[in-house]
Every structure is written in structure tokens, then in C-alpha cells.
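The values are calculated or read from the model by the stated rules, or taken from the named source; none is laboratory data. This structure is a prediction, so every number in the text was calculated from the model and none was measured. Areas reflect the complete protein model, heavy atoms only, side chains present, ligands, DNA and RNA absent. Shrake-Rupley method; radii C 1.70, N 1.55, O 1.52, S 1.80 Å.
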Amino acid sequence: MTTAPIRVLLADDEPMIRAGLRAVLATDPGIEIVAEAGDGREAVELVRRHRPDVAVLDIRMPGADGITAAAEIRRSGLATGVLMLTTFGEDDYILRALSGGANGFLIKSGEPEELLAGVHAVAGGAAYLSPKVAARVVAHLAATGAGGPAGRRAGAREQVAALTTRERDVLTLIAAGLSNGQIARRLGVVEGTVKAHVSSILARLGVTNRAAAAVLAHEAGLTLGATCAGGPRD
């Protein structure tokens, strides 16, 4: 049985950037570019028209930026996942986009493989944070948050420690960019169980989406190969 390609919309106000993105995505036969936009307003209109699986949005565009477009896509109730493109020095924008419902973030200067991985992850319902984005967001939070870096780390670890052992396992895999199906296979449980854990994790951490949960996990040091001590068991 042939798997349907991932349908993607590209939005960036710079034609050369769009051309570069298009060239990278064209190397993957499992991805189909269905539309391109030069600003956020056009992106939202094209998302409504084409219903792509993933919208790759530049975080800063004239008129309506990627953050505004992502929020509008969410309000429209569309199933399109949003993958944001950012550059160094746009940490405040990233934090705003996290609360606006973006599913993933990439640095424009990153490796082409990260774009492909991000599109596949978001299309599969996962959160995707490139390592550079995760590091910069955590550093920015540490530099600007109350209590300084140590205080933020301690606060994040305290939040994570309140999760059950199984919820921490799931959160670690969310931070690694795995979808519910991939997490279920990794843990040997049914996907419905993972969905229930994810809902509980988001509620307990007080965040609205998987990307924000992933940032908190990185801030707490809860990544593959690391542990966060304490907390109740299942």
C-alpha cells in the first residue's frame, strides 16, 4: 500500500529562502509542496484552501508574521501542524510562538536533514525542536527568568518531579521529537495510553502544547540518557 505524501505549505517573504527550502524538501519523495506564500496572511488563506499537513512558516514576515499566522491556523480548527523557521537572536519570538501553538522550531542555518526531520515529526503529531533551538530557548529562559538559571532549572525539575515515572518517560520521548505512535512502540503500550499520558502531562505542567512541554523537559535536563530524580511512580 502506497503511503500518501506529506503535504506542505512554505511561507517566507524571501524568494531565495523559499527556493532553498523547496530544493531541500524536493529530495524527499514522501513530501509534496502544495503551496507557497510570501507573508502570514497569504499563508493562512492558502492553508484554508489546501489543508496541508504541515505549514513551514518564517517566524518574522511583513504584514502578518508566522506567530500571527500560527495562531490563526489554530483558531480556525485546522489540523495543519506548524513548523517555525527562526534565526539566532529571535528568542522572544520563539517563546511567543510556543504559547501560540507552534509544533516545532528550526534554525534557518541548520542542516537540511533537520528540515526533513521536522516536517516528518510535525506531520506525525510530534513536537520538534532542533538542538540549537532547544539550547537557545533554555539559555534565554535561564537568563531572563526570575531567580536566574539555577532557579529556573530547579523550578523545572520540581515540576517534572511531580509527574509519575511513566509520565516522565513519555515526556522524555516528547522532548526527543517522537510521535504518540513512536512512543507507544518504544514503551510497548497502546497509542491510546500514550495519548492519555500526554494529556495528563500537559495539564500537570501547565503548558498548552507538546513543544512547550519539550522546552520544559530540556530545561529540567530530562532528555534521553538523562534522568530526573524523585516523583511518584505509576
Expressed in nm to one decimal, what extension gain is obtained for the pair H50 and T27 from 0.36 nm per residue of sequence separation less their Cα-Cα distance? 6.1 nm
Rolling a 1.4 angstrom probe over the protein chains, ignoring ligands and nucleic acids, what is the accessible area of I73 in square angstrom, nearest 10? 0 Å²
